[in-house]
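Below: the structure, in structure tokens.
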Amino acid sequence: MTSSDKIGTRIRTYRENLGLSIEDLARNAGVDTSLLRKAEAGEVYPPLGIMIKISRALGQRLGTFMDDQVIDDPIIVRASDRTEETANHKEGAQGQYHYYPLGKGKTDRHMDPLFIIIQPSKDKCLSSHEGEEFIIVVKGKVELIYGKKTIVLEEGDSLYYNSIVPHHLGAANGENAEIFAVIYAPF
């Protein structure tokens, strides 16, 4: 079973347990119905901004949809042991991100730490969701569109922002970028 299949199955299970139709969940989460159908079918791995909206609409934390097992503290993920979960964005969610979750298994966590490889994309679709994000650029250059501001960050730079402000984070200069990100989405 792929990561997309697991997430899709979990979304459908929680949705059905709440007695919601796909249309109800899409409306409550503020996401496109066809994207939600594709996510439930395992055809697309939704980007984090959309997963946060879906998880909130289902009354769950983001990690509920990403975790496979419970692990005792402390959670240690060696660089050589990172497991990729890729999101090929479709239906209004642009770009391509390769997600490496770093907190899987910690069921009581309040933040989601990730290592992300960002591939260049011409599309700069803004998204917003409740919460905060902290980013450290470890390789390449990253462009943040934050409201009406555009900021370019280089290796070693960091940023911390409220994710309710419409934003887009993408690779700058047409080359891959690598970041560490910590996402907090209140429940």
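Among the listed residues V152, V142, which satisfies the condition of being buried (at least 18 other Cβ atoms within 10 Å of the Cβ), at pLDDT 95 or above and not charged (D, E, K, R)?
Numbers: V152 fails: buried (at least 18 other Cβ atoms within 10 Å of the Cβ).
From the options V152, V142, the qualifying one is V142.
Would you check which residues across segment 142-187 are outside any strand (DSSP E or B) and among the hydroxyl-bearing types (S, T, Y) and list them?
S163
Mind checking which pairs have a first residue in segment 122-134 that is at positive phi and a second that is in a loop (DSSP other than H, G, I, E, B) and loosely packed, with under 15 Cβ neighbours inside 10 Å, Cβ under 7 Å, 6 or more apart or different chains?
Going by the 7 Å Cβ cut-off, the qualifying pairs are G131/P186.
Exactly one condition in (1) surrounded by 14 or more Cβ atoms within 10 Å (Cβ to Cβ); (2) at pLDDT 95 or above is false for S158; which is it?
For S158, the failing item is (1).
Only residues that are surrounded by 12 or more Cβ atoms within 10 Å (Cβ to Cβ), modelled with pLDDT under 70 and part of a loop (DSSP other than H, G, I, E, B): list them for segment 69-87, please.
I71
May I ask you to list pairs of residues, at least six apart or on different chains, whose Cβ atoms are under 8 Å apart, with the first in segment 27-45 being buried (at least 18 other Cβ atoms within 10 Å of the Cβ) and the second being of a type in the set (F, W, Y) and outside any helix (DSSP H, G or I)?
A39/Y45
Can you tell me which of (1) in contact with a Pro (Cβ under 7 Å, 6 or more places away or on another chain); (2) at pLDDT 90 or above is the one L126 doesn't meet?
All conditions pass for L126, except number (2).
Could you list all residues from segment 118-141 that are assigned to a loop (DSSP other than H, G, I, E, B) and either farther than 13 Å from A171 by Cβ or not assigned by TED's automatic domain parsing to the domain that holds D157 (or both)?
Scanning segment 118-141 gives C125, L126, S128, H129, E130, G131.
Which of the residues spanning segment 1-41 are under 26 Å from V182 (Cα atoms), outside any helix (DSSP H, G or I) and at pLDDT 85 or above?
Of everything in segment 1-41, those that are under 26 Å from V182 (Cα atoms), outside any helix (DSSP H, G or I) and at pLDDT 85 or above turn out to be G30, V31, D32.
Being in contact with a Leu (Cβ under 7 Å, 6 or more places away or on another chain) and without any contact (Cβ under 8 Å) to a residue 40 or more places away in the chain is the filter here; which residues of segment 151-180 pass it?
I151, L153, L159
The values are calculated or read from the model by the stated rules, or taken from the named source; none is laboratory data. From a predicted model like this one, the values you see are computed outputs, not experimental measurements. For neighbour counting, all protein chains shown are included, and Cβ atoms are generated from backbone atoms with ideal geometry for every residue, glycine included.
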